[in-house]
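The values are calculated or read from the model by the stated rules, or taken from the named source; none is laboratory data. Since the model is a prediction, treat every value here as computed from it, not as a measurement. As a convention, Cβ positions derive from the backbone with ideal geometry for all residues, glycine included, and neighbour counts pool all protein chains shown. Surface areas here come from the heavy atoms of the whole protein model, side chains and all, with no ligands, DNA or RNA. Shrake-Rupley method; radii C 1.70, N 1.55, O 1.52, S 1.80 Å.
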Amino acid sequence: MFQHQTVLGPQAVEALQIKPDGIYVDCTLGGGGHSALIAAQLGPKGWLIGSDQDLEAIHHARKRLAPFSARVSVIHGNFREIGTIVKDLGIEQVDGLLYDLGVSSPQLDQAERGFSYQHDAPLDMRMDQTQPFSAFDLVNSYSEEELADIFFRFGEERFSKRIARNIVQQRASAPIRTTGELAEIIKASIPAKARKHGPHPAKRTFQAIRIAVNDELQALSQSLEQGIPLLKKGGRVAVITFHSLEDRICKQFFKQQSDPCTCPPDLPHCVCGKTPVLKVVTKKPVVPDRHEVEQNPRARSAKLRVAEKV
């Protein structure tokens, strides 16, 4: 059953300041929760484009958005190609962009997708199941140095070298095929004292592998770079992140686009000629309130950042 609880839904949609005749892009359609909230505010001349790389999400989102089908287009595609997706529909500019990043609840809860360390399933973790490269390929083919680098950079795992070494030793006798096998290797690689506190010992490494398999951080940077030129003046972009790496990319991108001047600070006035493209709306990120976190514990790490085209 494909069930996904929308995180920061009203806050994100309110931040977009929906116009009934506007054009909006939900770059990460997922279960269609944010899109349904946007589409409900659109009039006959409004248009919502929703894209997702997960074919199962596309299937269920189409069902959820069926009441709004006259003003909604659902596209299978990676948000790193959002510029092409929008322009292929004959659209030059839009009024708003929405990103709801990270892994969805259905992806985590469906054991066969291989995202979760809480289910024993084939190592997969592909958000786009049409792509050939999976977590199995990464775990069983990358060098010890490459694995350690991925675990440290994308999972901020301090025992990354030890985990990588044990993975390489284990796969020398037989390939590592399941999430359960991998989770056990990770657990055995982390000292017992370090396992007593904090999240599940495999959480950071699984996150790192998922990010690498789906090239999530590079895709986000590319999508923002393509998306902002699509925005009309006064149009807004809202980004919901779920871990510090995504949030850092968004925060730094917004900062660079809102203050692009490269002149030395001692110059009396700007001579580089670079002018702001965005105005940051959220000086501090919007986070879920206690009630939302109680209803949906996976929302606890969510952060919403919003910027406006100037």
Q: Could you work out which residue, out of T28, T262, T241, moves most in a Gaussian network model of the chain, that is, has the largest mean-square fluctuation with Cα springs under 10 Å?
A: T262
Q) What residue among G227, G43, G33 has the largest mean-square fluctuation in a Gaussian network model of the chain, using Cα springs under 10 Å? A) G43
Q.
Past the 30 angstrom mark, what percentage of all C-alpha to C-alpha distances in the chain do you count?
A. 38 percent
(Q) Among P229, S116, H197, whose Cα projects farthest towards the positive end of the dipole of the chain, with charges put on the beta-carbon of Lys, Arg (+1) and Asp, Glu (-1)? (A) H197
Q: Add +1 for every Lys or Arg and -1 for every Asp or Glu among the other residues with Cβ under 14 Å from the Cβ of C261, and state the total.
A: 0
Q: Divide by every residue of the chain the summed helix terms, -39500 (n - 2.57) for each DSSP H run of at least 4, and state the resulting mean residue ellipticity at 222 nm, rounded to the nearest 500 deg cm²/dmol.
A: -11500 deg cm²/dmol
Q: Quick one: angle between helix 160-171 and the longest Cα principal axis of the chain, in degrees between 0 and 90, rounded to 10, please.
A: 60 degrees
Q | Dimensions in Å of the range 1-89 - Rg and Dmax from alpha carbons | A | 12.1, 34
Q. Which loop GluC sites (Glu not before Pro) in the range 134-192, with loop taken from DSSP, have no more than 15 other Cβ atoms within 10 angstrom of their Cβ?
A. E156
(Q) Highest mean first, how do 72-82, 286-296, 46-56 rank when packing is the count of other Cβ atoms within 10 Å averaged over residues? (A) 46-56, 72-82, 286-296
Q: Could you rank L147, L267 by how accessible they are, 1.4 Å probe, largest area first?
A: L267, L147
Q | Residue of P268, P67, P285 that the Gaussian network model of the chain assigns the largest fluctuation, springs spanning Cα pairs under 10 Å | A | P268
Q) Can you list the equivalent-ellipsoid semi-axes of the range 72-138, largest first and in whole Å, using the square root of 5 times each Cα gyration tensor eigenvalue? A) 30, 14, 9
Q: Determine the alpha carbon to alpha carbon distance for each of K233/K274; K283/K309; K161/K187; K19/K251; K87/K279; K87/K274 and list only those over 19 Å.
A: K19/K251; K87/K279; K87/K274
